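Nothing in this text is a laboratory measurement; each read-out follows from the coordinates by a stated rule. Everything numeric here is computed off the predicted structure, so don't read it as measured data. Every residue, glycine among them, receives a Cβ derived from its backbone with ideal geometry; neighbour counts consider all protein chains shown.
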Amino acid sequence: GIRTLTALLAVIGAVNNVNANAEDGLHVPSPDWREQIIYFAMIDRFNDGNPANNDQGSGEYDPGKGSHYSGGDLTGIREKIPYIKELGATAVWITPPVAHQWWSKTSNYGGYHGYWGENLMQVDAHFGNLAEMQALSRALHGQGMYLVQDIVVNHMGNYFAYDPKNWSPADPKHGFRPLAGGVQGNAPSQIPFRFNNAADPEQAAMGIYHWTPDIVDYGDPEQEHNWQMAGLDDLNTENAEVRKALRRSYGFWIKEAGVDAFRVDTAFYVPPDYFRDFLYAEDAGNPGLFAVAKATGRNGFHVFGEG
C-alpha cells in the first residue's frame, strides 16, 4: 500500500541521486583497491594554489619555520593532478582537510597537518572550502582516479590537560586544567565535541571525552585506548553520542565531498570494537559508513588504518 509506494519512491530517488552525482563526477563506483597506486600528499606542504588563504591571522603562518603553516591547499593539489598521474598513481591520499586547531600554545606548534580536529564537518580555512574539495574530487574522478581522505576518530585537538599527580579517575574535575586556545577559543566548535569542560558537572557527566592524563605506558591497553596521546583530547568512543557524531561527521565527506576511501589515523589507540559501529551501525539517521558509501554507488568503499 502507501508504505510500499513510499519505500519504492525513496529507492528511485536514491538511484536518481546517484545517477545525477555520477554525471557531475562527484560520485563514482569503487575500483578494485588492490590495483590502485596511492600517492600521499600533506595538504599544507604540497602546493600553494591560493595564497589568499595562507594566513588566518593567528601567527600560525611562516613558510620559513617547520612548526608553522606553509600555504598548501586543496586547489594546489588539484593543480598537480597531471603531475601525480604522470608518476603512475591512480589515487590521491590527503591529510585531514577538516577544520582544526591552528596553534597549540602548549607545544608551541601549528596544526598544519590537520590531525588536531576542531570541527569535523568543515573544510579548514587554510585549505579552502567545500566547493574546492568537491572540485578536487571531480577532477580526480575525471581522470579515472580516486580520493582517499585521512580521518581521526581517536581524538580532537589539545584543549585540556590533567596533572597526573592530581588526577583521579573517580572525579573528572580533579586535576583538570583547561588550556589557552588562542583566537579559536578553548573548545571545538562542533557539538558534541565542544562539551570538553570537566569542571562543569553537566559536561563531565556527558562523557564526550575520556577525562584522562597523557599516556605514560604504551604497553598498557587501558592507557593506549583511553588516555591522551601527546596531550590530544581522547574521545570516549564507547559513548553512543560520540559514535553517532563521528558517523555523521565522516558520512558527510562521502556524501558531500565525493570521497572514495578513508585512511584511519591512530587506529590502534581506539578500542577495536568501535570500528564495528563506525562501519556497520544500523542507524537510520546516521548509518555506518559502508551503508553511506553504498548509497552513493560505492560498493567497495575502502577503509585502512594506521598500525
Helix 240-257 sits at what angle to the longest principal axis of the chain, using alpha carbons and giving 0 to 90 degrees rounded to 10? 40 degrees
Value at 222 nm in deg cm²/dmol, rounded to 500, when DSSP H runs of n ≥ 4 in the chain each add -39,500 (n - 2.57): -9000 deg cm²/dmol
Relative contact order of the stretch 155-263, defined on C-alpha pairs under 8 angstrom at six or more residues apart (%): 25 percent
With everything on Cα atoms, drop me the angle between helix 130-142 and the longest principal axis of the chain, reported from 0 to 90° to the nearest 10. 40 degrees
Simple SL model, points at 7 angstrom along Cα→Cβ for Thr106 and Arg276; separation in nm is 3.2 nm
Test of understanding: in a Gaussian network model of the chain with alpha carbons linked when under 10 Å, which of Met206, Met156, Met229 would top the mean-square fluctuation ranking? Met206
Along the stretch 74-86, what does the Karplus equation 6.51 cos²θ - 1.76 cosθ + 1.60 (θ = phi - 60°) give for ³J(HN,Hα), rounded to whole Hz, x for Gly and Pro? 5, 4, x, 5, 4, 5, 9, 4, x, 5, 5, 5, 5
Pop the C-beta distance of Ala240 and Gln143 into the FRET formula with R0 = 30 Å and round what comes out to the nearest 0.05. 0.15
Figure the gain on full extension for Lys165 and Val216 (residue separation times 0.36 nm, minus the Cα-Cα span) and round it to one decimal in nm. 17.1 nm
To the nearest 0.05, what FRET efficiency results for Glu202 and Asp283 with a Förster distance of 25 Å applied to their C-beta separation? 0.50
Taking the Cα centre of the stretch 211-270 as origin, sum charge times position over the Cβ atoms of Lys and Arg (+1) and Asp and Glu (-1), and report the length of that vector in debye to the nearest 20. 540 debye
Pick out which of Phe268, Phe290, Phe160 has the largest mean-square fluctuation in a Gaussian network model of the chain, springs linking Cα atoms closer than 10 Å. Phe268
Added length on full extension, which subtracts the Cα-Cα distance from 0.36 nm per residue, Lys85 to Glu256: 59.1 nm
If one builds a Gaussian network model of the chain from Cα atoms under 10 Å apart, the most fluctuating residue listed among Gly258, Gly181, Gly88 is Gly88
C-alpha long axis of helix 2-24 to longest principal axis of the chain, angle in °: 80 degrees
